[in-house]
C-alpha cells in the first residue's frame, strides 16, 4: 500500500523556508469587481491576473491601488505602464519581446513605488509560457497550461502546482512510488510539496504523466536562464533576496 507523501496545508510555507537562503486548460480567472481596500499607510503592489495575446502585442490585466500607475520594469530596456481606474483595474499592452523577458511589477503613487516580490516571465516573446514566478512559492501560469502547471525547486524541495475548474474534484498525484491527492481552492488552484529529485522522474497528475527533467546547470548571479528541457521549459532565476530557484513549465500539449 502506497503511503501519502504530501503536506498540503503547508506547501508554500515549507518551500519558502527552504528558499530563504535567498485535463484541459482552465478558463482565465474572473476579476473581482474592485480591488480590496489597502491597509492604511501601505501601498499594495499590483497583481497581474490574466494575459491576452492580440495582434502585435500582449495585454496584461489585473488589480492595483485605484488611480495608481502600474509599471512593468526590466533590468534593461523600456518599462511598460498604465493607470489603474477608480476600481483598481488596469490593462497594460506591450509589444512582445524578441526573446525571454523577466519583468518586475510595481505600483507608483506620487514619488512612492511599491514593487511586487513576484516576477512576470515571458518566454520566447509570448510564444512560450507566460507566468508569475513567486520566490518561495508556487508559480502561477497565465497562459494555457496542462494539469501540472509548474514545478518549482531549490534542489532541496519541489513544489508542484496547477489549476483545474473551480469546485472540481480532488486531484490525484503520483511520484517516486508514492501517491496523494489535493482539493483545489475556490479558484481551482492547488499546490503540493514533493521530495527533491535530481531527475528525471515521473509525476502523474490527473491521468497524465510528466517527466521532471531535473535541475539545470544554473546561471551565475541574478542572470535569467531559459531553455527547453524535456517536454517543457526550464527557467533558472533569482528572487529579490538573491536565492536561486528552478521552475519547470510543462508544455500544454
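The values are calculated or read from the model by the stated rules, or taken from the named source; none is laboratory data. Fair warning: this is a prediction, and the values are worked out from it, not measured in the lab. Because the Cβ atoms are built from the backbone with ideal geometry, glycine has one as well, and the counts that use them run over all protein chains shown.
Only one of the listed residues (215, 253) is closer than 16 Å to residue 128 by Cβ and modelled with pLDDT under 95. That residue is 253.
Of 117, 78, 97, 129, all but one fail to be within 26 Å of residue 243 (Cα to Cα) and either crowded, with 22+ Cβ neighbours inside 10 Å or in the same structural domain as residue 229 (by TED's automatic domain parsing) (or both); the exception is 129. Report yes if residue 200 is more than 26 Å from residue 49 (Cα to Cα) and surrounded by fewer than 17 Cβ atoms within 10 Å (Cβ to Cβ), otherwise no. So residue 200 fits the description; yes. When the range 163-173 is limited to residues that are crowded, with 16+ Cβ neighbours inside 10 Å and touching a strand residue (DSSP E or B) at 6+ places or on another chain (Cβ under 6 Å), the one that is farthest from residue 49 (Cα to Cα) turns out to be 173. Considering the range 69-188, the qualifying strands (runs of 3 or more DSSP E), each wholly inside and each with 3 or more residues that are farther than 30 Å from residue 213 by Cα, run over 69-73, 80-83, 89-94, 101-109, 112-115.
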